[in-house]
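These notes concern the structure reproduced below.
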Amino acid sequence: MRISIGSDHAGFALKEHVKAQLQAAGHEVLDVGTNSPESVDYPSFAAQAARLVATGEADRAVLACGSGNGVMIVANKVHGIRAVNAHDPAEAEMARRHNDINVVTLAGTRLAPVEADAIVEAFLDTAFEGGRHARRIGQIEASAEA
């Protein structure tokens with residue numbers, strides 16, 4: 001799978017950990033930055049990673065900032081993106097099964113690497129259920145275009 005990743009300074013260490021885990025699992029990782037723990041603004045990194053998913057250049061994205069909320073808000077501004085800030089694997093799994101999320105965001109200052117690993121694994125390994133949930137995704141997309 002091709003996975004874009006991005007973060008700000010507060011999510012940098014967690015992003016680097018996730019990147020190494022993804023590469024070790026055989027995924028192609030498109031790292032849009034940031035590339036150091038120096039203070040930066042997250043919107044450009046989150047938007048760039050989300051656009052890679054929206055254009056089909058990446059299959060999914062993983063983003064991190066201090067809380068995971070800021071990068072989630074930015075990603076959800078990109079047409080076709082459904083991002084959730086997952087706090088545990090069950091939340092990531094349910095969001096994939098019912099909401100077909102294509103971006104997961106992580107709290108870089110609150111999650112231990114092992115917790116992030118479990119969330120990302122659930123995000124990548126869980127399939128969308130379709131059915132009534134596909135109808136609802138269609139309604140979400142239609143409301144975004146209105």
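Observations on the model:
- Among the residues of the range 101-146, the ones that are farther than 30 Å from Ala13 by Cβ and among the aromatic types (Phe, Trp, Tyr) come to 1 in all.
- Scanning the range 124-143 for residues that are surrounded by 11 or more Cβ atoms within 10 Å (Cβ to Cβ), more than 14 Å from the chain's Cα centre (by Cα) and part of a helix (DSSP H, G or I) yields a count of 6.
- Any hit, the range 55-70, residues being acidic (Asp, Glu) and out of contact with any His (no Cβ under 8 Å at 6 or more places or on another chain): yes
- Hits in the range 37-75 (condition: β-branched (Val, Ile, Thr), surrounded by 16 or more Cβ atoms within 10 Å (Cβ to Cβ) and not in a helix (DSSP H, G or I)): Val40, Val62
- Count of the range 26-38 residues which are within 16 Å of Gly68 (Cα to Cα) and of a type in the set (Gly, Ala, Ser): 1
- Search result, residues across the range 85-101 that are surrounded by fewer than 22 Cβ atoms within 10 Å (Cβ to Cβ) and either under 10 Å from the mean Cα position of the chain (by Cα) or acidic (Asp, Glu) (or both): Asp88, Glu91, Glu93, Asp100
- Summed over the range 1-26, residues that are surrounded by 14 or more Cβ atoms within 10 Å (Cβ to Cβ) and either touching a Lys or Arg at 6+ places or on another chain (Cβ under 6 Å) or touching a residue at least 40 places away in the same chain (Cβ under 8 Å) (or both) total 17.
- Flag for Val84 being outside any helix (DSSP H, G or I), farther than 21 Å from Ala20 by Cβ and without any contact (Cβ under 8 Å) to a residue 24 or more places away in the chain: yes
- Among the residues of the range 71-116, those identified as among the charged types (D, E, K, R), more than 26 Å from Pro37 (Cα to Cα) and in contact with a His (Cβ under 9 Å, 6 or more places away or on another chain) are Arg97, Asp100.
- Some residue of the range 103-123 being loosely packed, with under 15 Cβ neighbours inside 10 Å, aliphatic (A, V, I, L, M), over 13 Å from the mean Cα position of the chain (by Cα) and assigned to a loop (DSSP other than H, G, I, E, B): yes
Each value in this text was obtained by applying a stated rule to the coordinates, not by laboratory testing. Only a predicted model underlies this, so the values are computations on that prediction, with no experimental measurement involved. Note that we place each Cβ from the backbone using ideal geometry, even for glycine, and neighbour counts take in every protein chain shown.
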